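Encoded as structure tokens, the structure appears first; notes follow it.
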Amino acid sequence: MTQQNVVVSDTKSGVSLTVFPTPAQKKPPAAPGGYISISRRRVLKNLEINGDQRINAWVESMRASSPTHLKSAPSFSQEQNSWILNHPSALDMFDQIIDASKGKQIVMFLDYDGTLSPIVEDPDRAFMSHSMRKTVKKLARCFPTAIVTGRCKDKVYNFVQLAELYYAGSHGMDIKGPTRSSKYNKDSKAEAILFQPASDFLPMIDEVYQQLVEKTKSTPGAMVENNKFCLSVHFRCVDEKKWSDLARQVKSVLKDYPKLRLTQGRKVLEIRPTIKWDKGKALEFLLESLGLANCSDVFPVYIGDDRSDEDAFKKLRDRGQGFGILVSKFPKDTSASYSLQEPNEVMSFLQRLVEWKHMSQRARSRV
């Protein structure tokens with residue numbers, strides 16, 4: 001693999017935009033063993049796949065991550081109550097969260113689908129509401145803010161339409177800094193930081209995309225999305241009885257591409273390069289870009305709803321700084337500390353953060 005592409009913006013603002021140097025490699029590294037650490041998060045590893053037994057394992061994993069049937073009411077209620085004790089609502093715990101952040105620089109990291117916008121059947125119509133956009137815009141005036149998503153960076157930017165944010169698309173494999181100046185990047189020019197550690201995989205990704213589109217045509221409801229440095233095979237609109245057929249179609253393509261790996265999220269199969277890069281690495285990179293990676297007084301907050309966000313939640317636990325918030329109505333194994341049920345609760349939490357910041361600034365100005 002050639003040297004990673006890194007562009008650094010003008011730094012007159014005093015914000016240090018540094019990057020992690022990585023040596024050039026002749027080949028993309030193999031997928032790391034034990035890449036996912038939490039028990040229920042089954043990784044569909046590096047596609048050494050043969051026979052119906054592995055296909056059945058895929059389908060069972062698809063069902064586990066994308067349940068189509070609710071548990072019985074008493075059983076679900078008990079599990080929900082137990083889970084919420086360990087992952088309390090970030091709204092209910094807001095005062096405690098603020099107490100933990102006092103004297104520290106809050107940095108916000110936000111997933112997009114299921115966090116800032118509702119999950120919808122057509123991923124091309126996952127629009128965020130006007131009120132959510134207005135809230136995120138205000139948030140970015142108070143704290144450095146990044147969108148970290150599995151989507152193509154350009155596509156999610158078209159959804160969000162806020163130039164003052166950092167954007168990390170393709171699960172963090174396509175990172176770009178703000179193109180509009182704000183409190184945290186004053187005087188910086190339009191050319192901002194750019195980081196694309198998987199650029200060598202682009203021809204392979206495009207090739208696999210074309211094959212998957214052709215292969216999955218026979219499965220009604222299946223949709224293949226090209227997210228530039230990764231691919232998504234959506235099965236939200238596929239009859240559950242057809243999931244095995246879809247898994248076989250994906251297998252038939254990916255068996256010839258050992259440098260790609262398969263993971264999954266909410267009604268989606270994700271195909272990514274086997275490089276050691278994920279949303280947790282993207283979080284670290286963005287903190288480094290802000291000059292905050294080695295600071296003891298930084299307080300990162302990551303909000304997300306999907307399995308890929310667990311890499312960021314775990315990174316925050318490993319750092320012992322900040323916390324993760326899982327967006328979910330149902331109990332899930334997670335490394336997040338808190339929970340919110342849906343995007344409307346996310347918006348309420350962000351609004352309270354903005355209000356708290358404004359109150360703090362007014363209080364300081366009166367001193």
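The table that follows gives values for the structure above.
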{"item": "Residue within segment 331-342 that is surrounded by fewer than 17 Cβ atoms within 10 Å (Cβ to Cβ) and assigned to a helix (DSSP H, G or I) present", "result": "no"}
{"item": "All positions within segment 353-367 that are surrounded by fewer than 16 Cβ atoms within 10 Å (Cβ to Cβ) and either free of Cβ contacts under 8 Å to residues at least 40 places away in the same chain or among the charged types (D, E, K, R) (or both)", "result": "Glu355, Met359, Ser360, Gln361, Arg362, Ala363, Arg364, Ser365, Arg366, Val367"}
{"item": "Residue selected from segment 201-221 under the condition within 22 Å of the chain's Cα centre (by Cα) and in contact (Cβ under 8 Å) with a residue 24 or more places away in the chain, by the criterion most open to solvent (accessible area, probe 1.4 Å)", "result": "Leu202"}
{"item": "Scope segment 127-154; condition of a type in the set (A, V, I, L, M), outside any helix (DSSP H, G or I) and open to solvent by less than 10 Å² (accessible area, probe 1.4 Å); matching residues", "result": "Ala146, Ile147, Val148"}
{"item": "Filter pass, Phe229 being open to solvent by 40 Å² or more (accessible area, probe 1.4 Å), in contact (Cβ under 8 Å) with a residue 12 or more places away in the chain, under 30 Å from Met347 (Cβ atoms) and part of a loop (DSSP other than H, G, I, E, B)", "result": "no"}
{"item": "Of residues in segment 67-103 being in contact with an Asp or Glu (Cβ under 9 Å, 6 or more places away or on another chain) and modelled with pLDDT under 65, the one least open to solvent (accessible area, probe 1.4 Å)", "result": "Thr68"}
{"item": "Residue check, Val213 hydrophobic (A, V, I, L, M, F, W, C) and farther than 23 Å from Met173 by Cβ", "result": "no"}
{"item": "Near pairs, Cβ below 6 angstrom, 6+ apart or cross-chain, from segment 121-141 (under 15 Å from Val107 (Cα atoms)) to any residue that is open to solvent by less than 60 Å² (accessible area, probe 1.4 Å) and among the hydroxyl-bearing types (Ser, Thr, Tyr)", "result": "Leu139/Thr145"}
{"item": "Helices (runs of 4 or more DSSP H) wholly inside segment 242-323 that include at least 2 residues being at pLDDT below 95 and open to solvent by 30 Å² or more (accessible area, probe 1.4 Å)", "result": "243-254"}
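The values are calculated or read from the model by the stated rules, or taken from the named source; none is laboratory data. None of the values given here were measured: they were computed from a predicted structure. Note that each Cβ is placed from the backbone with ideal geometry, even for glycine, and that neighbours are counted across all protein chains shown. Ligands, DNA and RNA are stripped out before the accessible areas are found, and what is left, the full protein with its side chains, is counted by its heavy atoms. Shrake-Rupley method; radii C 1.70, N 1.55, O 1.52, S 1.80 Å.
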